[in-house]
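Okay, structure first, notes after.
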Amino acid sequence: MPPFLFDTTILFCIQHLACGGGQVGARLAHCADPGCSAAAVSVLQQRPYCVHHLFEVCYQKVDYYLQGLQEHTLQESDDRALRDFLAESTSVLTDLATSPVALDNLARARLLDLLLRVSELGQHLRRSPRRLLHVPVRLAFEAPDARWEEVTETQVISRYGARLSCHHRLEVGDLLLVIRLDKPQRARARVTWCRTADSGTFEMGIELLSCDNFWEIDWEAPQQTLSDNSSKSQSPA
Ligand SMILES: [Zn+2]
């Protein structure tokens, strides 16, 4: 964030915006949250926010991206947006922590908590690289009252899991056998989430339980982003 946001001259201009004075601080006049008339203290993703709504927006985004990483539901555009959010929010929150803006004890505690959560989100992203890879697999499910097999393919894979779709509804915690059709690999997996997809099929996340590096990918290789791999998404590995 530009350091001038906390310049007293600019704050003076912001205070006078209500009566038509001042041009420089126009985009910082008021918090962008509808119905909030508090003065903005920071700009995140080109929108000015008061302290309260800056924190609220950051918490919502951290939760959204964390869930997306855990459930393998982030799209390619989300992946880019996540990296942008990590860089910008770290900068904005750090600037706020060192700025002369008066924060009460609760706000300061929330600010430190948010900085920690943003940092953890970044660590999670680095620890859990994902690839947009369509690996053909056969799913085998066996329970006392149901038994089926289905051929499908992955949509996103990670070191310890995948997102895929199938025509059978599964419950969280259900166990499956995942058999790769392109290689002689099979592993036990646990369903971590399952939801109805637009096409009437079911989309789900699985966690691999019994195989190290099931996808046979060098996860330390430099091209780790979803966008880097989208062009190669038709080949398994
Ligand atoms: Zn606000």
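The values are calculated or read from the model by the stated rules, or taken from the named source; none is laboratory data. The structure displayed is predicted, hence computed values, not measured ones. For neighbour counting, all protein chains shown are included, and Cβ atoms are generated from backbone atoms with ideal geometry for every residue, glycine included. To get the accessible areas, we keep the full protein, side chains included, count just its heavy atoms, and leave off ligands, DNA and RNA. Shrake-Rupley method; radii C 1.70, N 1.55, O 1.52, S 1.80 Å.
Annotations
- Computed over protein heavy atoms with a 1.4 Å probe, the accessible surface of the stretch 131-232 works out to 51 Å² per residue.
- Q123 paired with R147, simple spin-label distance in nm, labels 7 Å along Cα-to-beta-carbon: 4.6
- The GluC sites (Glu not before Pro) found in the stretch 116-174 that occupy coil by DSSP, while having at most 14 further C-beta atoms within 10 Å, are E171.
- Chain lengthening between W193 and R47 when straightened (0.36 nm per residue, less Cα-Cα): 49.2 nm
- Whole-percent carbon and sulfur share, accessible surface of the stretch 131-232, 1.4 Å: 47
- Averaging the Cα positions of each part gives two centres, and for the stretch 133-184 and the stretch 46-78 these lie 29 Å apart.
- Pairwise FRET efficiency - T98 versus Y160, Cβ, R0 = 45 Å, nearest 0.05: 0.75
- Whole-Hz ³J(HN,Hα) from phi, Karplus 6.51 cos²θ - 1.76 cosθ + 1.60, for the stretch 190-198, glycine and proline x: 10, 6, 9, 6, 8, 8, 6, 8, 4
- For the stretch 145-204, the relative contact order is 29 percent, taking Cα pairs closer than 8 Å that sit 6 or more residues apart in sequence and dividing their mean separation by the residue count.
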